[in-house]
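Okay, structure first, notes after.
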Amino acid sequence: MRSALHCLLLFSALWTLSFCGTRQFHVVNNKLNWTEAQKYCRENFTDLATIENQEEMDAVKAAVNGTSGHFWIGLRQIPEQQDGSWIWSDKSNPSYTDWNTGEPNSPEKDNCVELWSESEYRWNDAGCTYPSPFVCYKEIPLILIKEKKTWREALKYCRENHVDLVSVHTEEIQRWVEIVTRKTSTDNVWVGLRHTCDLKFWFWMSGEFLCYQNWAPGNGMGVEDCRNGERSGAVQSGSKQWISLLENQSLNFICITK
């Protein structure tokens, strides 16, 4: 079977934590000033961490995971304004803050925001030139569509409105799928996995064969029952493993957005 090909998967040594939204937070233990940290995050992830609500703040705290020290996030004072205005590195305006008592209070002219472990990772402003570890985020390029459609209808919807049904061909994409399926309204969720009865193997609609696999027991590895039509792949909302289903079931589905 083609899916038995040996494949090389690369993994990051960085700490990572995901939450129920569309970001993954990564803690980088290199000590850099804020501008250097911003450059690093933009080259390797999406940007320095943007935190828009308590759920995201809790996710950042869990990613830092009790480590002592100070950690840059993406909030910076707007230098040309004298009213204490702040802006995130990704150019969004802050709608949520978690300042420590008495903050912000730095006398520096160019201030950025860091998390302090000694104050339970609440926010402190400091001169942007100090070297510290930092928190980056990575945008997840997937979207859960909470409409109920057959597999063919889901494929058509994703291709017309986004890019395609998602192909889960790496462990990283599997982790993204696990994040977005937390809010599904159906027990299973369609992905872009398809079986050909004529050739008797599974493949992704994006063209990849099954290098990485995450089948639930009793699924995907044997001869498929094609008497009632072609089989398509779905992810279980509970175990997040893959299962084989007839394509005419109506399920939520996951599109890739870029």
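Nothing in this text is a laboratory measurement; each read-out follows from the coordinates by a stated rule. Predicted, not measured: the structure shown is a model, and the values here were computed from it. A quick note on method: Cβ atoms are made from the backbone with ideal geometry, for glycine too, and the neighbour counts reach across all protein chains shown.
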| Residue-by-residue Karplus 3J(HN,Hα) for the stretch 132-149, coefficients 6.51, -1.76, 1.60, Hz, glycine and proline x | 8, x, 7, 10, 9, 10, 10, 6, 8, x, 10, 9, 8, 9, 8, 8, 9, 9
| Distance in nm between pseudo-label sites at Tyr212 and Tyr40 (7 Å out along the Cβ direction from Cα) | 2.4 nm
| query | Excluding Trp123 itself, what net charge comes from residues whose Cβ is under 9 Å from its Cβ, given Lys and Arg +1 and Asp and Glu -1? | reply | -3
| Roughly speaking, what is the stretch gain from Lys148 to Thr257, that is 0.36 nm per residue apart minus the C-alpha to C-alpha distance, in nm to one decimal? | 37.4 nm
| Non-local amide H neighbours of Gln249 (under 5 Å, H modeled in plane, Pro and chain starts lacking H): which ones? | Trp151
| the stretch 129-145 versus the stretch 190-258: alpha-carbon centroid distance in Å | 30 Å
| remark: Within the stretch 112-186, DSSP-loop GluC sites (Glu not before Pro) with at most 15 other C-beta atoms within 10 Å are Glu120
| remark: Applied in sequence order to the stretch 176-186, the curve 6.51 cos²θ - 1.76 cosθ + 1.60 (Karplus, θ = phi - 60°) yields integer Hz couplings, x standing for Gly and Pro, of 4, 4, 4, 5, 6, 6, 5, 10, 6, 9, 10
| Calculated FRET efficiency for the pair Ser119/Ser185, C-beta based, R₀ 45 Å, to 0.05 | 0.70
| query | Using the eigenvalues of the Cα gyration tensor, what equivalent ellipsoid semi-axes result for the chain when each is taken as the square root of five times the eigenvalue, whole Å, largest first? | reply | 44, 18, 15
| ³J(HN,Hα) computed for each position of the stretch 206-214 - Karplus, 6.51 cos²θ - 1.76 cosθ + 1.60, integer Hz, glycine/proline x | 7, x, 6, 7, 7, 7, 7, 9, 8
| Taking the Cα atoms of the stretch 15-139 alone, what are Rg (to one decimal) and Dmax (as a whole number) in Å? | 13.0, 37
| said: At a 10 angstrom cut-off on C-beta neighbours, averaged per residue, how do the peptides 33-39, 132-138, 60-66, 96-102 rank from highest to lowest? | reply: 132-138, 33-39, 60-66, 96-102
| message | If I take R0 = 51 Å and measure r between the Cβ atoms of Asn105 and Gln236 in this structure, what FRET efficiency does the formula 1/(1 + (r/R0)^6) give, to the nearest 0.05? | response | 0.50
| request: Set the Förster radius R0 to 51 Å, insert the Cβ-Cβ distance between Lys31 and Asn161 as r into 1/(1 + (r/R0)^6), and round the FRET efficiency to 0.05. | output: 0.70
| field | Projected label distance in nm at Asp58 and Ile78, using a 7 Å step from Cα toward the beta-carbon | value | 3.2 nm
| query | Tell me, Kirkwood radius of the stretch 50-200 from alpha-carbon pair distances, in Å? | reply | 18.7 Å
| request: Starting from the eigenvalues of the Cα gyration tensor, five times each then square-rooted, give me the equivalent ellipsoid semi-axes of the stretch 141-256, largest first, whole Å. | output: 19, 15, 14
